[in-house]
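Below is one structure, written out as structure tokens, with a few remarks after it.
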Amino acid sequence: MGWAYLVTVVGISGPAAFMMALHANGGLPARTSFTLLSVLWMVFTFWAGWLALRRRFVDHGAFMFRSYALTLSAITLRLYTYLSVYLPLHASPRDIYITTAWLSWVPNIIIAEMLIRSGRVEKLRARQTPRTNA
């Protein structure tokens, strides 16, 4: 499953997201957000695969946390978009779009970094039972 995820993100979804980011609504601020998101998503996922090949599984796990955080930005974006309809925001639709473009992934990556630095990756790795060749 991991290799399918890597190929999908680095070979299909990431490049597609990059191309869409270059043409995003909201002007340069939104384009910058989505472009940076797509590049980081591909880089973190590629690096996680590279680390898995090197059998550096704790580091691999840390980069997968980062990759998953960026993958979930699509859900976060939709959540903020949904909330923006019901909250009494006194801002233009463009300003809301630009704000949600950044809020869709920056808090996610901050939370991922906090989990990584708290030792969560090592704790998850320690809980895994060794596989046998039975």
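The values are calculated or read from the model by the stated rules, or taken from the named source; none is laboratory data. This structure is a prediction, so every number in the text was calculated from the model and none was measured. Only protein heavy atoms, including side chains, enter the accessible area calculation; ligands, DNA and RNA are left aside. Shrake-Rupley method; radii C 1.70, N 1.55, O 1.52, S 1.80 Å.
Summary table
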| item | result |
| --- | --- |
| Value of relative contact order over the chain, rounded to a whole percent, pairs C-alpha under 8 Å and six or more apart | 23 |
| Accessible-area value, ARG54, 1.4 Å probe, nucleic acids and ligands omitted, Å² | 120 |
| Crossing angle, helix 106-117 versus the chain [Cα axis fit, 0-90 degrees, rounded to tens] | 20 |
| Residue-normalised accessible area of the stretch 4-134, expressed per residue, 1.4 Å probe, Å² | 66 |
| Of all accessible heavy-atom area on the chain, the percent that carbon and sulfur account for (1.4 Å) | 68 |
